[in-house]
Each structure stands twice: as structure tokens, then as C-alpha cells.
Amino acid sequence: MTLQSLRRWNLAGGVITTLTLLGAIFWAFPLYWAVVTTFKFEQDVVREGIDWLPIRFTVEAYYNALFNTKLGLWYLNSLLTSLAITVLVLISSAAAGYAISQLNFPGRRALWWIILASFMVPIPALIINHFVLMADLGLLNTLTAVVLPQLIAPVTVMIYKQFFDSVPKDFREAALMDGASQWQLLFRLYLPMNWGITTALAIITFIGAWNNFLWPFLAITTEDKMNVTVGITQVTDAFGVKYARQLSSAVLAGLPVAVVYLLFQRRVTQAIMLTAGIKG
Amino acid sequence: MRRYDRSEMVTALVLLTPFVAIYGLLFVYPLLKMVMLSFTKSPLIGEGDWVGFANYIKLFKDRLFSVAVWNTLYFVLLSVIPSTILGLLIALGVNRLKGWTQSAVLAAFFLPYILPVSVVYRIWGWMLDAQFGILQFPIEAIFGERVPVFRTLPLFMPAVAFITIWWLVGFNVLLYIAGLRNISAEIYEAAELDGATRLQTFRRITWPLVWPITVLVATIQLILQLKIFDQLYLFGQGGRTDSVLSLVWLVYRDAFQKNQGGYGATIAVVLFALIVGVSVLQYQALRARGEK
């Protein structure tokens, strides 16, 4: 390679790096702009010109969102439903994944194929009949109604099965020789060997449940039972648009998942790869 | 044939019961009911007369149905292809960086993906606010006036698609980075020794080797965007919704707002068939490269 072409190579590389950095700034800017707006007074928000930082710093918007709206209640609803979904999905999926992976019973292959096929079914197509079912069960406008349809998680079963499949058979046989029961095998061997996967799946299930919009939006119509994602968009201020207040509710709604992501980046990445079908 | 062990079968039964119960009640049963409902003229809640294929025939004459199909496909076109290409470009850029710069840049591109749609809606509603949105400065500079983007019909879909790309591209970037890391450095070194240009290296090595990821990313996005509702609804609510609705939105409108459960279910069946069809194609496409 000549010196000249090497220089061109480096110049092109520099341009690409600069573009990437500019892109990252562009991508992060809306987040910055939303957060910085929440620390301004409402009258400063609508002032002429652009204030890159608050000219007068205040947490009034947050105070208002937390104490003058139902945000706290919505938060609690979101937390309860998301935790319930996470726990129930993981328990039922780990159990089913273990049975399909390690136990021999009639209909095993058929069940596996049904699970694989159900991966294709679009859940939004089922909203009408989920709604009818919840009405039949008398569950509309309850948190249970929010939880139930979100428990369908074929992907979680598939991932558990995959990982249980790859636990070496020697471990299983050694444990069986020592007289371990199937329950002990699952809880003392298979699950502990895959805690990482359980953590990753728990995080991604929680994030998914917290972020879900369509179903909680349909199942709940009373303000007191709403999730935070539905509440902040469907309940509007009677006093006209208050930008800082609206944005502070949004920031609070996004905060838990953003924090979970920043704390567990590697796990979140791993879980996303797994659900996309790439074993990471 | 292998005999089944009785105690093993009992254990399997106990372990499978929660999953199968959830699955039967909330998945198989609603699915079958949906198909049956589509052959009746029922309200959302309650019984209705069996009308055979009348709902399906009605579908073809329904102007809103063709609007919904068109809008859904238009949205898919506006979001899937750009977000796939952009995902690759960003991944190529991020992959060159090292250490904490790489982590920070990746986090900037990925963080929006983790946020709820409602938060994305609030952030961009503010960015593009017709009165005080910060993006109205460049818009005013270019067009000479402020533009209420979400109330201007030709701009609505492109704007929501753009916001969707901003929101979701991090997922594509992540998958592409995984793909790029799987390409061994030796291939690039060899290409460099042979004096290959950057463009040649990309066309002959990178592009073919990340092709499976491209197929995966594009089809995942395609299936996701065929189900578009949340963003469209949030940005469109209160406006001329009949012009901007998508298939899922039409299901919501007919079943929940117009109380026509049977007809809504018919649209849901079509959506279901469409997505299963695409998924089968995806499966074929992914398997095809596996066998190569």
C-alpha cells in the first residue's frame, strides 16, 4: 500500500468516525432536550429563543407530576403488573422448557412444534377475543386482566429449552445416581446452571411488560387502574398544555427501564440476541 | 419404541400444566374464537347471527379497509428499509470505535429502543410541537413557516416512520454489531494486504457475510411494523384518523369504537393470515442460508 492511499484510507476513516459521533449526538439530543425541559419553569419553556440549559432551575414539574396527578398510582399498577408477568412467565416457561427438554412423555414433539408455530401468531390480532374473554371472566378494568394475555411467551420457553438441552448429560446422570428427584434436578442443577439466562429473560420480560401499550390501553378504562404508559398519554391536564409537566411524567415513566438497561447492559443485549434467535 | 416412565410422565404433567393452561385459555381458545367470530354479525360483547362469508365480502368493498392496508404497507416501506440500512451503517461506524467511546456511542443509539412508546410520543411531540418545538426553527428556516407536522396529512406517515426509526434502530444496530464481530479480522487483514479499497472490502467481504443478519433484521422489522398501531394512534388521535389508520387500528376502530366485534375479527383474521404468511417466508429465507 502506498503512503498516499494509506492517507486516503485514514481520511475516510476519520470522516466515518466523525459522522458516527455526530449521529450519536443527534440520537441522544431528543432525550437531552426532553430532560432539560423538565427542569424549567413552564413560562420559561415557552419563552422566545432556545435555552440549552434552564435559566432558572426548578423541580416544580416533577413535584407536580408526583403529587398532583395519579402518576404514583399508575407507577404502582405498572410495577405490580410487570412484576407479576415477569415472575409468572419465568416460572411457567422454565418448567415447560425443562419438561420438553429433559422429560419423556407422549405428545412432546407435537407440543414443541405447536410452540414453535405459535411464534408466528401476531398477538395484536387477538385483542378482540382477549377483551371478550376478560369480559366473560368479569375481569375488565382489573390488573389481572392486564396481566393474563401478557403471559403468552413461547420465545421464553424456546430459550429455556435450548439452554437446558445444552447442559451436559453427565451432570444429570451423576445427580440421578445420587438419587436426585426430577424436582431437585430442575431446581438444584438446571436452573442454577442457567441463572444468567433467567436474569436476562427476567429483565427483558419486565421491560416488555412495562412498555406494553396496546393491551393495557384496551383492558383498562378507569384512571385509577391505568398503567403509567397509558396514563401519561390518555389523561390530559384540564388547564391546557403544560410542557414541562407532561415531559416530567414521561421521564419518570421511562426512568425504570432506562435504569435497568444502564445497570444490566450486557444482560439486556444478550436477551435481545436470544429473542432474535441468535444464541449469544 | 421407548416406554414412558410413569413418574416421569407425572412430573412432566405437573411442570407443563401452568404453561399449557395459559396457552390454551389465552392463546388457542381466543384464536379459534376469533375465526368463528369473523363469520358472525356480533357486537363486541354478546352473541350475533351466523352470516357466512358476508364479512369477508364486505371487506373488499370497505374503503377504510383498503386505506388501512395501504397505510400499513406505506408505513412498512417508510420504516423497514431505512431502519435496516441505517442499522448497518451505524453498526459499521460503532464497530470502528474502541473502549468507552464505543460503549457511550452504542448507548446513545440504543437507549431510545428501551423506552415505552408513550415516552417516545411525548419526547417527539415536544420536539416537533407546532408552537414551541425546537425543530420548528429549522422547519421555519426551510419552509418559511411553522408546520404542524402531525396535522399535515402528507407529512404524518413519514414523520411517524422517522420517529419509529429513531426509536427502534438500536435493535438493528445490536444485531449487526454481533454479525460484524463474527467476521474474523484475518479476512480483513488479507484483503488489506491485497490492496483492496475500503469499498471493495465492504462489497466483497462485509456485505455478503452480514447478509443473513440483514435478512433477519429486515424480516423482524417487517413483521413488527405490519402490526403498527401504538405510535400512529398516539400521534394521530384527535386528528383525521380515517386517513391515517393502519390494520390494527382498524380492528380497534371497528370492534371497540364501532362495536362491530364480528367485522373487527374479520380484519384481525386477515392481519393474522398476512403475518403468518410473512413469517413462513422468513423461516424459509433463514433456513435457506442455514443449508448453504
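Data for the structure
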read-out: Where B:Val94 falls short, out of the listed (1) part of a helix (DSSP H, G or I); (2) more than 7 Å from chain A (Cβ to nearest Cβ); value: (2)
read-out: Any chance A:Val146 is under 14 Å from A:Gly97 (Cα atoms) and within 19 Å of the chain's Cα centre (by Cα); value: no
read-out: Looking only at region A:20-73, and only at residues there that are crowded, with 16+ Cβ neighbours inside 10 Å, facing another protein chain (nearest Cβ under 9 Å) and touching a residue at least 24 places away in the same chain (Cβ under 8 Å), the one that is nearest to B:Met127 (Cα to Cα); value: A:Ala34
read-out: Residues within region A:128-144 that are over 24 Å from B:Leu247 (Cα atoms), touching a residue at least 40 places away in the same chain (Cβ under 8 Å) and in a helix (DSSP H, G or I), tallied; value: 1
read-out: Matching option when the condition is within 13 Å of another protein chain (Cβ to nearest Cβ) and among the aliphatic types (A, V, I, L, M), among B:Val120, B:Val80, B:Val76, B:Val147; value: B:Val120
read-out: Qualifying residue in region A:198-212 (condition: among the aliphatic types (A, V, I, L, M), farther than 26 Å from A:Ile115 by Cβ and either surrounded by fewer than 19 Cβ atoms within 10 Å (Cβ to Cβ) or within 10 Å of chain B (Cβ to nearest Cβ) (or both)); value: no
read-out: Subset tally (residues that are within 14 Å of chain A (Cβ to nearest Cβ) and either at pLDDT 95 or above or assigned to a helix (DSSP H, G or I) (or both)) for region B:41-73; value: 3
read-out: Candidates A:Leu116, A:Leu137, A:Leu176, filtered to the one that is within 25 Å of A:Leu83 (Cβ to Cβ) and in the same structural domain as A:Gly208 (by TED's automatic domain parsing); value: A:Leu137
read-out: Number of positions in region B:9-27 that are surrounded by 14 or more Cβ atoms within 10 Å (Cβ to Cβ) and either more than 8 Å from chain A (Cβ to nearest Cβ) or touching a Lys or Arg at 6+ places or on another chain (Cβ under 7 Å) (or both); value: 1
read-out: Single unsatisfied condition, B:Val251 versus (1) more than 10 Å from chain A (Cβ to nearest Cβ); (2) at pLDDT 95 or above; (3) over 26 Å from B:Val105 (Cα atoms); value: (1)
read-out: Members of region A:92-124 found to be touching a residue at least 40 places away in the same chain (Cβ under 8 Å) and of a type in the set (Gly, Ala, Ser), listed by number; value: A:Ser92, A:Ser93, A:Ala94, A:Ala95, A:Ala96, A:Gly97, A:Ser101
read-out: Of all residues making up region A:94-106, the number that are more than 7 Å from chain B (Cβ to nearest Cβ) and either charged (D, E, K, R) or surrounded by 21 or more Cβ atoms within 10 Å (Cβ to Cβ) (or both); value: 4
read-out: Count of region A:235-263 residues which are under 21 Å from the mean Cα position of the chain (by Cα) and more than 7 Å from every other protein chain (Cβ to nearest Cβ); value: 10
read-out: Those helices (runs of 4 or more DSSP H) lying entirely in region B:136-251 with at least 2 residues crowded, with 22+ Cβ neighbours inside 10 Å; value: B:153-181, B:207-226, B:230-236, B:247-251
read-out: Residue that is surrounded by the most Cβ atoms within 10 Å (Cβ to Cβ), among those in region B:252-290 that are among the charged types (D, E, K, R) and assigned to a helix (DSSP H, G or I); value: B:Asp254
read-out: Residues of region A:176-192 classified as surrounded by 13 or more Cβ atoms within 10 Å (Cβ to Cβ) and over 16 Å from A:Gly97 (Cα atoms), total; value: 3
read-out: Evaluation of B:Ile85 against (1) under 19 Å from B:Phe272 (Cα atoms); (2) more than 7 Å from chain A (Cβ to nearest Cβ) (one fails), failing number; value: (1)
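Every residue, every condition in (1) touching a Phe, Trp or Tyr at 6+ places or on another chain (Cβ under 6 Å); (2) within 20 Å of A:Ala65 (Cα to Cα); (3) touching a residue at least 60 places away in the same chain (Cβ under 8 Å), yes or no:
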| site | (1), (2), (3) |
| --- | --- |
| A:Asn194 | yes, no, no |
| A:Leu201 | no, no, yes |
| A:Trp210 | no, yes, yes |
| A:Phe217 | no, no, no |
| A:Thr222 | no, yes, yes |
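The values are calculated or read from the model by the stated rules, or taken from the named source; none is laboratory data. Computed from a prediction, not measured in an experiment: that's the story for all the values here. When we count neighbours, we look across all protein chains shown, and the Cβ atoms used for this are built from the backbone with ideal geometry, even at glycine.
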